[in-house]
1. Can you pull the semi-axes for region 1-79, root of five times each eigenvalue of the Cα gyration tensor, sorted largest first, whole Å?
2. Which residue, A38, A86, A98, tops the fluctuation ranking in a GNM of the chain built on C-alpha contacts under 10 Å?
3. Given the rule -39500 (n - 2.57) for each run of at least 4 DSSP H residues, summed and divided by the residues of the chain, what is its mean residue ellipticity at 222 nm, to the nearest 500 deg cm²/dmol?
4. Note the full-extension length gain between L61 and E49 as 0.36 nm times their separation in residues minus their Cα-Cα distance, in nm to one decimal.
5. Roughly how many debye, to the nearest 20, is the charge dipole of region 9-136 about its Cα centre, given +1 on each Lys and Arg Cβ, -1 on each Asp and Glu Cβ, and no other charges?
6. Largest first and to the nearest Å, give the Cα extent of region 9-136 along each principal axis.
7. By the gyration tensor of its Cα atoms, with a ≥ b ≥ c the square roots of the eigenvalues, what is the shape of region 12-52: rounded for a/c under 1.5, prolate for a/b over b/c, or oblate?
8. Assign one of three labels to region 86-137, namely rounded, prolate or oblate, based on the Cα gyration tensor with a ≥ b ≥ c the square roots of its eigenvalues; rounded applies when a/c is under 1.5, prolate when it is not and a/b is larger than b/c, and oblate otherwise.
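Where a number appears in this text, it was derived from the coordinates with a stated rule and is not lab data. Fair warning: this is a prediction, and the values are worked out from it, not measured in the lab. Using ideal geometry, Cβ is built from the backbone for each residue, glycine included, and neighbour counts are taken over all protein chains shown.
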Amino acid sequence: MNAPEEAPTELLERAVRHALASAGVTEAEVSLTLLDDAGIRELNRRYLERDRPTDVIAFTLSAPGEPVLGDVYVGAEQAARQAADAGLPLTEELVRLAVHGTLHVLGHDHPEGPERLESPMFRLQESLVAELLDADG
């Protein structure tokens, strides 16, 4: 599964671009790939030693001082479960995860556990998601 039928490709591209622009980045190459549970679980196991599906994994591929280069992988099935649990549209959760992964590519990080929801990265993420979705109407 590369992309669910309902994946809003243009909106997800705008989400990545919006996150980059918020950091003043004008030159970047960031890929965004939607994976099913098996695909994201394999990446999680291989690179993070966690044998379970997850919602997003991001890799920064550029060195400091170089143009931003990175890969963002979103677990589409996990995103659908999270959206359902939170009572949100899947599109909103996919945008949130695209922004989240892009922020990681840009070097942002957050603590693990419940306190991550109050971290500067999560506050920035939610602000960017709201701006994008408000502009999208």
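1. 23, 17, 8
2. In the Gaussian network model the winner is A86.
3. Value at 222 nm, helices only: -16500 deg cm²/dmol.
4. 2.4 nm
5. 200 debye
6. Largest first, region 9-136 extends 34, 34, 31 Å along its Cα principal axes.
7. prolate
8. prolate
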